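In what follows, a single structure is set out as structure tokens and then discussed.
The values are calculated or read from the model by the stated rules, or taken from the named source; none is laboratory data. Keep in mind that what you see is a predicted model, and the values were worked out from it rather than measured. Cβ placement follows ideal geometry from the backbone for every residue including glycine, while neighbour counts extend to all protein chains displayed. Side chains are part of the model used for accessible areas, which takes the heavy atoms of the whole protein and leaves out ligands, DNA and RNA. Shrake-Rupley method; radii C 1.70, N 1.55, O 1.52, S 1.80 Å.
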Amino acid sequence: MNQSNAKKAVLYLAISLDGYIALPDGSVDWLMDVKGDGGDNGYAEFYGTVGTIIMGRQTYDEMLKLTDEFPYFGKTCYVVTRNPSGQKENAHVTFTNEALTELVPRLKKQTEGAIWLAGGGKLVQAFMEEGLMDEAMIAVVPKVLGRGIPLFPEGTVPATFELHDIKRLGDIAMLHYKVH
């Protein structure tokens, strides 16, 4: 396992050139025909560093539309929602409304590996408000969507990112930032 991500909360996702993570309806179909590196664009390497996954409920709902099987089997997965008791039970995830300021530090102590902040924009905004994001790995996809769900919704607190690395994956630019 790559220890550089251990015990860190890492945002890892793709955005369009104009800063959107999904179309207005939440779909990410626009990602399916991107010319990458011919493989998985570094996903398996990153996923090997992950111990726990955190995502918002809308991201979780969209992820379930993309696959018949839960894609993160074997990893601890939390879905942040305002109403955890109102969610359909799933053996693979824990629905929670625990305060991020309590959840994330607890997970950093318990988790072997990185905590993957898998989206969406509202959860990214909440992580940034509380200063809980340590790194961001953003795959910039060469498409302009013109509309959609932004990575950083209006009202996101200002932050400074320090560029750590850039990788070219076909037409995709993978930007790796440290977050301050």
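Those residues that are open to solvent by 40 Å² or more (accessible area, probe 1.4 Å) and either touching a helix residue (DSSP H, G or I) at 6+ places or on another chain (Cβ under 7 Å) or among the charged types (D, E, K, R) (or both), I need them from the stretch 88-119; list them, please.
Those that are open to solvent by 40 Å² or more (accessible area, probe 1.4 Å) and either touching a helix residue (DSSP H, G or I) at 6+ places or on another chain (Cβ under 7 Å) or among the charged types (D, E, K, R) (or both): Lys88, Glu89, Asn97, Glu98, Glu102, Arg106, Lys108, Lys109, Glu112.
Failed condition for Arg82, given (1) closer than 23 Å to Gly131 by Cα; (2) at pLDDT 90 or above; (3) open to solvent by less than 20 Å² (accessible area, probe 1.4 Å), with all others met?
Answer for Arg82: the failing condition is (3).
Counting just the residues of the stretch 41-56 that are touching a Leu at 6+ places or on another chain (Cβ under 7 Å) and open to solvent by 20 Å² or more (accessible area, probe 1.4 Å), which one comes out nearest to Gly74 (Cα to Cα)?
Gly42
List pairs: first residue in the stretch 25-45 and over 18 Å from Lys167 (Cα atoms) and touching a residue at least 24 places away in the same chain (Cβ under 8 Å), second residue assigned to a loop (DSSP other than H, G, I, E, B) and open to solvent by 80 Å² or more (accessible area, probe 1.4 Å) anywhere in the structure, Cβ distance under 7 angstrom, at least six positions apart or on different chains.
Pairs that qualify, where the first residue is over 18 Å from Lys167 (Cα atoms) and touching a residue at least 24 places away in the same chain (Cβ under 8 Å) and the partner is assigned to a loop (DSSP other than H, G, I, E, B) and open to solvent by 80 Å² or more (accessible area, probe 1.4 Å): there are none.
Looking at the stretch 158-176, which of its residues are open to solvent by 50 Å² or more (accessible area, probe 1.4 Å) and modelled with pLDDT of 95 or more?
Passing the criteria: Phe161, Glu162, Leu163, His164, Asp165, Ile166, Lys167, Arg168, Asp171.
Does Gly38 meet the test of being surrounded by fewer than 19 Cβ atoms within 10 Å (Cβ to Cβ), of a type outside the set (S, T, N, Q) and modelled with pLDDT of 90 or more?
When the stated conditions are applied, Gly38 does not pass them.
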